[in-house]
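The values are calculated or read from the model by the stated rules, or taken from the named source; none is laboratory data. Please read all numbers here as calculations on a predicted model, not as lab measurements. Note that each Cβ is placed from the backbone with ideal geometry, even for glycine, and that neighbours are counted across all protein chains shown. All accessible areas refer to the heavy atoms of the entire protein, side chains included, with ligands and DNA or RNA removed. Shrake-Rupley method; radii C 1.70, N 1.55, O 1.52, S 1.80 Å.
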Amino acid sequence: MQPISTTFFDRPVLDVARDLIGTILLVDGVGGPLVEVEAYDQTDPASHTFNGPTPRNAAMFGPPGHAYVYKIYGIHWCLNFVCQPGSAVLIRALEPTHGAHLMSERRGGLPTRQLCSGPGKLCQALGVTIAHNGMPLDTPPFQLLPGEPAEINTGPRIGITKGVETPWRFVLRNSPFLSKPLPRQ
DNA sequence: CCTGTGATCGTCT
DNA sequence: GACGATCACAGGT
């Protein structure tokens, strides 16, 4: 199988987000298949790009297939994959299959299900920081590899106060590694 | 199972 | 000066 190229990301963000579920993300060889992501674009009041370019969100207006990393609540890092200008996919959770020992060490020995079950936890487990902001995703330390076909469910996004109804959260159906289950319908 | 809260600081108004 | 695409822990059900 070929690694995923940056042209994969030069498509509508909703298509990319859906297709990312099941894709294997590794950072310096550590990670696993993505089980939860969210889409954001410039028309969306919850997006960092809603009010146009700023120094922080510059990577989201740069080339597709690069990382956008920012710090939230003064504490945690969050990793996004940049798509078409002003849009990106927030990487929220993965199944920790590669480098589990290192992830556990970085996460204080917490149980496997809690190693990467949230955007801040995932960055801590994979060692992602602002140093990765703007880096291409088809070049070390990043690796993106195709995974198995996935059954996907959608729902509203987590932790936002605007655009709360927009169902742009994509999850692997029945995964035990999500940050939260989908709401009951 | 659930809800509430403190931590902590960069970013933008 | 206010707030945020979060997390861990505490406490009650």
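Based on the alpha-carbon gyration tensor of segment A:126-185 and its eigenvalue square roots a ≥ b ≥ c, which shape applies: rounded if a/c is under 1.5, prolate if not and a/b is larger than b/c, or oblate? It comes out oblate by the Cα gyration axes. With both labels modelled 7 Å from their Cα along Cα-to-Cβ, the A:Lys71 to A:Arg173 distance reads 4.2 nm. Neighbours of A:Gly147, meaning other residues whose beta-carbon lies under 12 angstrom from its beta-carbon, give a summed charge of -3 when Lys and Arg score +1 and Asp and Glu score -1. What a 1.4 Å probe finds exposed on segment A:6-172 is 55% carbon and sulfur by accessible area, rounded to a whole percent. Entry note, chain A: the mean residue ellipticity at 222 nm calculated from DSSP H runs of n ≥ 4, each adding -39500 (n - 2.57), is -3500 deg cm²/dmol after division by the residues and rounding to the nearest 500.
A crude spin-label estimate for the pair A:Asp10 and A:Leu145, with each label 7 Å from Cα along the Cβ direction, gives 2.6 nm. Take every pair of alpha-carbon atoms less than 8 Å apart whose residues are at least six positions apart; their mean separation over the length of chain A yields a relative contact order of 29 percent.
When A:His132, A:His66 are compared by accessible area at a 1.4 angstrom probe, the order from most to least is A:His66, A:His132.
Summing +1 for each Lys or Arg and -1 for each Asp or Glu among the other residues whose beta-carbon sits under 11 angstrom from that of A:Pro85 gives -2.
Residues A:Thr97, A:Thr161 ordered from highest to lowest accessible area at a 1.4 Å probe: A:Thr161, A:Thr97. Counting only protein heavy atoms and a 1.4 Å probe, segment A:1-59 has 45 square angstrom of accessible area per residue. The charge dipole of chain A, taken about the Cα centre with unit charges on the Cβ atoms of Lys, Arg (+1) and Asp, Glu (-1), comes to about 600 debye, rounded to the nearest 20. Specify the residue with the greatest mean-square fluctuation among A:Val35, A:Val27, A:Val164, computed from a Gaussian network of chain A linking alpha-carbon atoms under 10 Å apart. Comparing A:Val35, A:Val27, A:Val164 in a Gaussian network model of chain A, the most mobile one is A:Val164.
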